[in-house]
Amino acid sequence: MNKSINSILIANRGEIACRVIRSCKKLGIRSIAVYSKADRNAQHVKLADQAVFIGAASAAESYLDINKIIQAAKNSNADAIHPGYGFLSENADFARQLENEGLVFIGPSATVLALMASKAAAKSAMEKASVACVPGYHGELQDDKTLIEAAGQVGYPLLIKASAGGGGKGMRIAHSSAEFEEALAATRREALRAFADDQVILERYIENPRHIEVQVFADQQGNVVHLYERDCSSQRRYQKVIEETPAPNLDKTIRNAMFTAAVEAAAAVKYSGAGTIEFILAETGDFWFMEMNTRLQVEHPVTEMLTGIDLVEWQIRVAAGDALPLSQEEIKANGHAIEVRLYAEDPDNGFLPAAGLIKTLVQPDNTSSTRFDSGIIGGDRITVHYDPMIAKLIVHAENRNTAIDRIREALTMTWVDGLSNNLDFLQRLLSSRPFVEGTINTAWIDQNLSELLIHQDTARELMLAAAAVLMQQDWQAAQAPASPWNTTDNWRMGKTSDRRVLLEYKGETHAIHASGTAGNYTITTGSAEKPSSISCQLERSSSNRFYFSAGIDKQNFERVLYCHGSRFCLVAATQRTSFTRLGWQSATDHALIGSGKIIAPMPGNIIEIKVRAGDSVNKGDVLVIMEAMKMELSLRAEISGEIISVIDQSTGFVNADTLLVELEATKA
Ligand code: ADP
């Protein structure tokens, strides 16, 4: 008997809540969001038809509180609950309580959830169904003696896993029997703390494997299909970074064997809904069942792009009692899809998660081949209470090479300002040889981290940055030549004059001397011995993205410049340079520029000239006071020296760039 689902409460937040709400809208189903105190203004709350407050910011007091979620569902007359991923999505107690309350849980039965929540029980069930599991021990006896003996039989290196573990937590390698006991104790402690259960399983540690998983779908009538595989071998510390489908360089026979095993595994446990069977593939070509995830995966969009199927829609239909909409033969795979996970974290600082305000978020447009799944927009916050994922970027193309080009391009169309993030790390990973060649294994990133953290030629990037901000300013001036706003800096249209650019990069101020206009600049940086000529060509611009190419000494550089107020980011194929352009105020307060020429940074009135020719001054002394834009500016000596010339005291108004004082450096 089909149940009718007219309203769904989404027991989750962030991008996945938004994702589920989108399918509800498409299907004409009323969506109900829940939110914690930290999420009052979150996007999922705005997007849903209705939103229910469920408590304090900590997940335990809100998104993980079963009673509050059930109460919210009852109060809002929800027919069903979609758990998303994480939080309560794999919680058998939750599913059972919903069953008792007459609410539909959009997922498999509580019995299957309970079975698969334990890696040990899941492996036993799979062995019964004749699905090959990673060789190891997953027995109930957990005393040290039994485990030490079992470890000896499994052989080294081996992996100790928390049976209740997930998300890459609660796993340790023991390379030899000497390491085993300590690793066991540590895994047990971590398992108890994170999952309130210290049962462990032992597995042979497979060297340099690939992680290939199969998306399965089953209905309550007993039909089971697969929706092809996903390759999630790009991992850092057992956590997925890039996912794609189809898996590159995967032998056809192995691939088909995986599909068969996955469908058999799901059928064996009477699965229903969306599920994922994870396999580990050894270099030998052997593959084994690792675990089953009984929910929608983070990386489900690549499968959606490949098959054109809305997985959330299928989940809802199956939960309502409908049969699967398509048979195995009708499910087609087209082209190639890749997803990257964009995180607020600092790759240069051990990938430390970042929390705070996302000041600006520029994203590629959503199209049929590019998808940006996010639960935040510029002005939102990443809080310490939840996962620091900012968004998922997914692309589709007719083949893998085009998909790689497309996702790289889409990454250069993305700018996140305000928090550390892994955008440039992702750019480098997508350009790394093993990724491009489709041979990456789960150990590669950790083993080659230093290569992925390689740093740029800062001096060159800052030179390009300076030229880029001048080009952007010239371009803006050219758009509205009459606007006084375009002449408020130390520069005027059509005149080659001294132009200074003060950039703050990683907490340090860089004073850059420049001259030139309209794309052709001569730039001198503190570290360079001689000036460099840079010719910039603005190729196109869209909103606050400026695509340009720049030539320095016969070398050509393609860059994208982003700007928002005084914040900028220069984006190259595998690196980004984020900086602040300091304004004239800081420029005048900064005694850093090192020039003997004090020029009016903007048009204004001379209020006072404090020196006369022949005076000796020290770096930092105030030489001239101007009034401009209703503010007083103190222009200071940038070097110590002797005053050579001074503008006439009676000069009232001066234009920008007017030479006011000239001084000669004190001879050593
Ligand atoms: P979790 O449930 O925490 O996600 P999994 O069992 O799915 O843990 O494993 C996560 C990752 O750990 C895998 O994708 C793989 O990279 C690595 N891994 C798991 N088991 C093994 C193994 N036996 N040998 C080598 N690597 C493994």
Among what's in the stretch 244-255 and is of a type in the set (A, V, I, L, M, F, W, C) and either within 16 Å of the ligand (Cβ to nearest atom) or under 25 Å from the mean Cα position of the chain (by Cα) (or both), pick the residue that is nearest to residue 388 (Cα to Cα).
247
Taking the stretch 134-162 only, how many residues are farther than 13 Å from residue 180 by Cβ and among the small types (Gly, Ala, Ser)?
3
Among the residues of the stretch 62-80, is any away from the ligand (no atom under 13 Å from the Cβ), within 19 Å of residue 274 (Cα to Cα) and either at pLDDT below 95 or under 33 Å from the mean Cα position of the chain (by Cα) (or both)?
yes
Within the stretch 152-180, which residues are of a type in the set (Ser, Thr, Tyr) and farther than 16 Å from residue 118 by Cα?
156, 176, 177
Residue that is nearest to the ligand (Cβ to nearest atom) [pool: residues in the stretch 134-165 that are of a type in the set (Gly, Ala, Ser) and part of a loop (DSSP other than H, G, I, E, B)]
165
For the stretch 266-353, which strands (runs of 3 or more DSSP E) that fit wholly inside it have 1 or more residues that are free of Cβ contacts under 8 Å to residues at least 40 places away in the same chain, closer than 22 Å to residue 414 by Cβ and not hydrophobic (A, V, I, L, M, F, W, C)?
none
With the condition kept exactly as written, say whether any residue in the stretch 103-120 is surrounded by fewer than 15 Cβ atoms within 10 Å (Cβ to Cβ), over 33 Å from the mean Cα position of the chain (by Cα), farther than 18 Å from residue 316 by Cβ and at pLDDT 95 or above.
yes
In the stretch 203-238, residue surrounded by the fewest Cβ atoms within 10 Å (Cβ to Cβ) [restricted to those that are near the ligand (Cβ under 8 Å from one of its atoms) and assigned to a strand (DSSP E or B)]
204
Answer with yes or no whether residue 106 is farther than 27 Å from residue 266 by Cβ and β-branched (Val, Ile, Thr).
no
Can you give me the number of residues within the stretch 419-453 that are within 16 Å of the ligand (Cβ to nearest atom) and closer than 17 Å to residue 393 by Cβ?
2
Looking only at the stretch 227-238, decide whether some residue is more than 20 Å from residue 133 (Cβ to Cβ), modelled with pLDDT under 95 and not polar (S, T, N, Q).
yes
Out of curiosity, is residue 71 closer than 14 Å to residue 30 by Cα and either surrounded by fewer than 19 Cβ atoms within 10 Å (Cβ to Cβ) or aromatic (Phe, Trp, Tyr) (or both)?
no
Confirm whether residue 262 is in a loop (DSSP other than H, G, I, E, B) and within 16 Å of the ligand (Cβ to nearest atom).
no
Please work out which one of (1) within 26 Å of the chain's Cα centre (by Cα); (2) buried (at least 21 other Cβ atoms within 10 Å of the Cβ) is the condition residue 540 fails and give its number.
(2)
Those residues of the stretch 522-537 which are within 30 Å of residue 361 (Cβ to Cβ) and buried (at least 19 other Cβ atoms within 10 Å of the Cβ), in sequence order:
534, 536
Evaluate the stretch 122-130: report whether one residue or more is within 12 Å of the ligand (Cβ to nearest atom), in the same structural domain as residue 289 (by TED's automatic domain parsing) and surrounded by 15 or more Cβ atoms within 10 Å (Cβ to Cβ).
yes
Within the bounds of the stretch 20-40, is there any residue that is of a type outside the set (A, V, I, L, M), in contact with a Ser or Thr (Cβ under 7 Å, 6 or more places away or on another chain) and within 30 Å of residue 124 (Cβ to Cβ)?
no
If I ask for residues that are touching a strand residue (DSSP E or B) at 6+ places or on another chain (Cβ under 6 Å), of a type in the set (A, V, I, L, M) and assigned to a helix (DSSP H, G or I), which ones from the stretch 424-451 would you list?
426, 445
Look through the stretch 166-192, keep the residues that are near the ligand (Cβ under 9 Å from one of its atoms) and part of a loop (DSSP other than H, G, I, E, B), and return whichever of them is surrounded by the most Cβ atoms within 10 Å (Cβ to Cβ).
170
Kindly indicate the residue of the stretch 275-299 that is away from the ligand (no atom under 11 Å from the Cβ) and small (Gly, Ala, Ser) and also farthest from residue 84 (Cα to Cα) among those meeting that condition.
285
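Table: residues versus (1) among the basic types (Lys, Arg); (2) modelled with pLDDT under 95; (3) away from the ligand (no atom under 16 Å from the Cβ); (4) in contact with a Pro (Cβ under 7 Å, 6 or more places away or on another chain).
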{"residue": "194", "(1), (2), (3), (4)": "no, yes, no, no"}
{"residue": "242", "(1), (2), (3), (4)": "no, no, no, no"}
{"residue": "257", "(1), (2), (3), (4)": "no, no, yes, no"}
{"residue": "273", "(1), (2), (3), (4)": "no, no, yes, yes"}
Residue 413 being in contact (Cβ under 8 Å) with a residue 24 or more places away in the chain and either more than 30 Å from residue 87 (Cβ to Cβ) or touching a Pro at 6+ places or on another chain (Cβ under 9 Å) (or both)
yes
Could you list, in sequence order, all residues of the stretch 111-120 that are of a type in the set (A, V, I, L, M), over 21 Å from residue 155 (Cβ atoms) and either within 11 Å of the ligand (Cβ to nearest atom) or touching a residue at least 24 places away in the same chain (Cβ under 8 Å) (or both)?
112, 113, 115, 116, 117
Between 312, 340, which is under 19 Å from the mean Cα position of the chain (by Cα) and not assigned by TED's automatic domain parsing to the domain that holds residue 16?
340
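The values are calculated or read from the model by the stated rules, or taken from the named source; none is laboratory data. What you see is a predicted model; the values in this text were computed from it and never measured. Glycine also receives a Cβ, built like all others from the backbone with ideal geometry; neighbour counts cover every protein chain displayed.
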